[in-house]
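The values are calculated or read from the model by the stated rules, or taken from the named source; none is laboratory data. Worth saying up front: this structure is predicted, and the values here are computed from it rather than measured. Glycine gets a Cβ as well: all are built from the backbone with ideal geometry, and neighbour counts include every protein chain shown.
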Amino acid sequence: MPDSTGTKSSDNDASQVAEQLVGALDAAGCDYALGGAIALGYWAEPRGTVDMDVTLYLPPDKPTESVRLLQHVQCELDATKAQHSLSEHGFCQVTYAGRRLDVFLPMIPFYATAAKRRKRVPLGKREAWIWDAETLCVFKMMFFRRKDLADVESILRTQGRQLDAAWVELQLVEMYGARDPRVSEWREIAAQCLG
């Protein structure tokens, strides 16, 4: 059963670490959104996780700022490697409170749209910004791994017709084109789950 954070009790360590991270980011005045399994727990059947995902709304062309922030909030990282990865890919992996933290920067225009759709939700004794269900579906379709497709199916089955499936499809078409396999896969999953 999910608790007030949307996660299973067996996954409390992850939600507690996420709560700690949110507190540090809020204190640093950094705009962000949590994704991955933490966000999933609010929109679908929660699943366990060994890592956490966060998007930092910091300038992608200034990766040094992101590295400094990550150091400031007590992440463990190789600064040179992190800066290079952020510069090249808009992404890096660090360790926070003993857990892997996947850090993303807003490298594509979709992140501006995603920022407007974020939801403020309770996370332990705090509140946190997370992706809304539709945005989370878009990101998971972007990654397009087997586990992401399973998560998308879980979101669709849980949210049902209150989820704006047409909006998700529109974002995917705009990013990848109507013939991309992500679009056809999304349509197939949506048809199976929503009837």
Quiz item: If you go through the stretch 153-181, how many residues are under 23 Å from ARG47 (Cα atoms) and part of a helix (DSSP H, G or I)?
Solution: 12
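Can you spot a residue in the stretch 91-98 that is of a type outside the set (Lys, Arg) and under 18 Å from TRP167 (Cα atoms)?
no
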Quiz item: Among ALA165, ALA190, which is the only one that is modelled with pLDDT of 95 or more and over 19 Å from the mean Cα position of the chain (by Cα)?
Solution: ALA190
Quiz item: Out of curiosity, is GLY177 at pLDDT below 95 and of a type in the set (Gly, Ala, Ser)?
Solution: no
Quiz item: If you scan the stretch 73-92, which residues turn out to be more than 15 Å from TYR32 (Cα to Cα) and touching a residue at least 40 places away in the same chain (Cβ under 8 Å)?
Solution: GLN74
Quiz item: Among the candidates ALA33, ALA37, ALA18, which residue alone is in contact with a helix residue (DSSP H, G or I) (Cβ under 6 Å, 6 or more places away or on another chain) and within 28 Å of GLU153 (Cβ to Cβ)?
Solution: ALA18
Quiz item: Identify, please: which residue in the stretch 71-106 is surrounded by 15 or more Cβ atoms within 10 Å (Cβ to Cβ) and among the charged types (D, E, K, R) and is, among those, nearest to VAL50 (Cα to Cα)?
Solution: ARG99
Quiz item: Residues of the stretch 68-86 being touching a Ser or Thr at 6+ places or on another chain (Cβ under 9 Å) and closer than 23 Å to PHE139 by Cβ, which ones?
Solution: CYS75, LEU77, ALA82, LEU86
Exercise. Kindly indicate which of ALA24, ALA39, ALA18 is of a type in the set (Gly, Ala, Ser) and out of contact with any Leu (no Cβ under 7 Å at 6 or more places or on another chain).
Key: ALA24
Quiz item: In the stretch 107-125, how many are in a loop (DSSP other than H, G, I, E, B), aliphatic (A, V, I, L, M) and either surrounded by 14 or more Cβ atoms within 10 Å (Cβ to Cβ) or in the same structural domain as MET175 (by TED's automatic domain parsing) (or both)?
Solution: 1
